[in-house]
1. Between residue 51 and residue 140, what FRET efficiency follows from the Cβ-Cβ distance if R0 is 25 Å, with the result rounded to 0.05?
2. In nm, to one decimal, how far is the residue 170 label point from the residue 61 one, both placed 7 Å along Cα→Cβ?
3. I need the shape label for segment 181-241. Rule: rounded when a/c is under 1.5, else prolate if a/b > b/c, else oblate, with a, b, c from the alpha carbon gyration tensor.
4. If you rank 288, 79, 95 by fewest surrounding Cβ atoms within 10 Å, what's the result?
5. Work out, step by step, the length gained on full extension between residue 273 and residue 88: first 0.36 nm times the residue separation, then minus their alpha carbon distance; give nm to one decimal.
6. To the nearest 500 deg cm²/dmol, what mean residue ellipticity at 222 nm is calculated for the chain from DSSP H runs of n ≥ 4 alone, each contributing -39,500 (n - 2.57), summed and divided by the residues?
7. In whole Å, what three semi-axes, largest first, describe the equivalent ellipsoid of segment 233-292 built from its Cα gyration tensor (square root of 5 times each eigenvalue)?
8. Which of 44, 99, 199 moves the most in a Gaussian network model of the chain with Cα springs under 10 Å?
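Quick note: the coordinates plus some simple rules give every number you see, no bench work behind them. Quick caveat, the model's predicted, so the values are computed rather than measured. Please note: Cβ atoms are built from the backbone with ideal geometry, for glycine as well, and neighbour counts cover all protein chains shown.
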Amino acid sequence: MKIEKPIIIVGTGRCGSTMMHRLLARHEDVGWLSTFNEVLPTFAWLSVFSNLYRLPWLGRKIKHLPFFPKPFEAYRFWEHYLPGFSRRDRPLTAEDVPAEGIAPVRRAVEQLLKFQNKDHFLIKVTGWSRMAYFDRIFSDALFVFLKREHRSVVSSWVQAGWLDVTSGLDEGSWQWGEVPADYRQLWEELGRGPLLSAAVKIQMDLDDIERNVTQFPERSYELQYEELIMQPEQTLRPLLAFCGLDWTPQFERVVKGMAFYNPVNKWRKYLSEEEGDLILEFFERAKEQKQVAVYF
């Protein structure tokens, strides 16, 4: 099968990308990597079971069971064909793609789509965007940049606890490479601490995504998570058009049947108003610093 215009969702961690990924994965023309492909990356035939995820009569509880095949970032799949894909200490560029891995990973994706009998390939990555990296593999890829309100993202990261973004910037457990001097200075001026460490990592991710978007402006689409939650159909229709997907009666039923939860103020359960203000101050000052740097 021919791989044409794969759809790649990018965003910071905890931006709501999992929800959007799993929603788009239920479109009848879309194929994707599952938890099965994560565990056994060379067994393409396991993608047959991904079609179970689209069955409307299977309840949400069943689809979220650990053994059930569901849409997944599947870093181990990419790492198998493209060693170094999962590195965390800096953003990856087109030059980081192992040339010898391009043909095998494309063949693997073709097989995945064949076993799912789908025309479009959906990918999700968070953190470092890898947009130029993916462009070297799929030269017509489309990129969907999902953004979310800063306090919600920081709060969600701190609560998640499964990936360390809250270490001090000077600690050995900081995994995200060199921090720009301006952000390090802001982190210190505002009092350091886990919340600000998470804010630094998020800002670095946003910078990386924005740099990549400037390389592919005609193939990039930006949307806000809060708008997706509040106005799903109005937000999704133009997104599907950008991705070359039809707004079908089947997908419309999927959207209308979803219980969209509005988490806009959920951060207040875990952060005080003062902490929320601190996070906003960091991002506002980081934005001002970037504007000054561009001016000069």
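1. Details: r = 25 Å, r/R0 = 1.02.
With R0 = 25 Å, the Cβ-Cβ based efficiency is 0.45.
2. A separation of 5.1 nm, rounded to one decimal place.
3. Values: a/c = 5.34, a/b = 1.86, b/c = 2.88.
In terms of gyration-tensor shape, oblate.
4. Details: 288 11, 79 15, 95 8.
Listed from fewest to most nearby Cβ atoms, that is 95, 288, 79.
5. Working: separation 185, 0.36 × 185 = 66.60 nm, distance 3.16 nm.
Separation in residues times 0.36 nm, less the Cα-Cα distance, equals 63.4 nm.
6. Values: 13 runs with 141 residues, N = 296.
Calculated from helices alone, the mean residue ellipticity at 222 nm is -14500 deg cm²/dmol.
7. Working: eigenvalues 259, 81, 5 Å².
With the √(5λ) rule applied to segment 233-292, the semi-axes are 36, 20, 5 Å.
8. The residue that fluctuates most here is 99.
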